[in-house]
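The structure appears below as structure tokens.
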Amino acid sequence: MTDQSPAIRPLVAGNWKMNGLKAALDEALAVRDALAGGTDNGTDVMICPPASLLMVLAELTRDSAGLQIGGQDCHTAASGAHTGDVSAEMLKDAGASAVIVGHSERRADHGELDRLVRDKALAARRAGLTAIVCIGETAGQRAAGLTLDVVRRQLLGSVPDGATAADTVIAYEPVWAIGTGLTPTLEDVASVHGAIREALATRFGGEGASMRILYGGSVKPDNARELMAVANVDGALVGGASLKADDFLRIIQAYGA
Ligand code: PGA
């Protein structure tokens, strides 16, 4: 269970979701300051704040060796008459290096389907951003024994052709584990991540073999280390526990250590 490839650099990304007023910047700055010299365990670290805070946080972390900034969603178009949306180019311009696409909350709240998620990942590529493509089964699908089918189908539909390890990160997030305090067993995580790795390697060859596969869903300081030790878990997408610098830093220390 511990044969993670040393060639893959882990990524711990914090997804703040629709949380954070200006005062929350202090938490992000505490992370920035703690990582001033880069991480000491070879881990990439990112915070994906709400769009309202993204540019100011990117400015405040521009010279930081250890902290990158990402968006939480983007439109497929570069610009145009799409009230309320943000384009990948705008995120890039504001200082982001990545964007989450296809998070289960977007799929549920906004009816986003694989095809749209794939087009958003293509928009990210066009803008020079890394797409963090989220996939994961619901509780009902898991109970019906459909987890691997669902995950493979989402991978096929949501990840565009020509994806590379540089422009694409996969985040496996079981929907039922998000924000619930529940996590799959380590065996289940190993099985799903192994299936994802196999599918990526089959479709993308060497790029798929080295693409990062994050686990997300109730990652906390006290379970991060055991989750990271699972084969083919190359980091984490962290929601609630990324909102407090202390918790997030404890997770970062657990990963890649
Ligand atoms: P959680 O969220 O860590 O609060 O479960 C993870 C996510 O939705 O990315």
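The values are calculated or read from the model by the stated rules, or taken from the named source; none is laboratory data. Every value quoted in this text rests on a predicted model; they were computed, and no experiment measured them. No Cβ is skipped: glycine too gets one built from the backbone with ideal geometry, and neighbour counts run over all protein chains shown. Protein only, heavy atoms only, side chains kept; ligands, DNA and RNA dropped before computing areas. Shrake-Rupley method; radii C 1.70, N 1.55, O 1.52, S 1.80 Å.
Here are a few things to note about the model shown:
- Structural descriptor for the chain: relative contact order 23 percent, calculated from alpha carbon pairs under 8 angstrom and at least 6 residues apart.
- Distance between region 90-136 and region 191-254 - C-alpha centres, whole angstrom: 18 Å
- Relative contact order for region 120-257: 22 percent, from Cα pairs under 8 Å spaced at least 6 residues apart, divided by residue count.
- Put simply, the chain fits an ellipsoid with semi-axes of 25, 22, 17 Å; these come from the alpha carbon gyration tensor as the roots of five times its eigenvalues, largest first.
- Taking GLU112, GLU89, GLU207 and ordering them by how much accessible surface each has at a 1.4 Å probe, largest first, produces GLU207, GLU89, GLU112.
- At 1.002 mPa s and 20 °C, Stokes diffusion of region 160-257 via Kirkwood alpha-carbon radius, µm² per second: 156 µm²/s
- Computed [θ] at 222 nm, helices only, for the chain once each DSSP H run of length n ≥ 4 contributes -39500 (n - 2.57): -11500 deg cm²/dmol
- Listed peptides 64-72, 189-197 by packing density, highest first (mean Cβ within 10 Å): 64-72, 189-197
- With protein chains left intact and a 1.4 Å probe, residues in region 167-251 average 35 Å² of accessible area per residue.
- The alpha-carbon of LYS22 sits under 16 angstrom from the alpha-carbons of these aspartates and glutamates, leaving out residues fewer than 8 places away in its chain: GLU59.
- Accessible surface of the chain, 1.4 Å probe: 53 percent of it comes from carbon and sulfur atoms.
- Taking amide H positions as modeled 1.01 Å from N, with prolines and chain starts lacking one, the residues under 5 Å from GLY14 and 5 or more places away or on another chain are MET46, ILE47, CYS48, VAL238.
- Here the simple spin-label model places points 7 Å from the Cα toward Cβ, and for ARG225 and ALA144 these points are separated by 4.0 nm.
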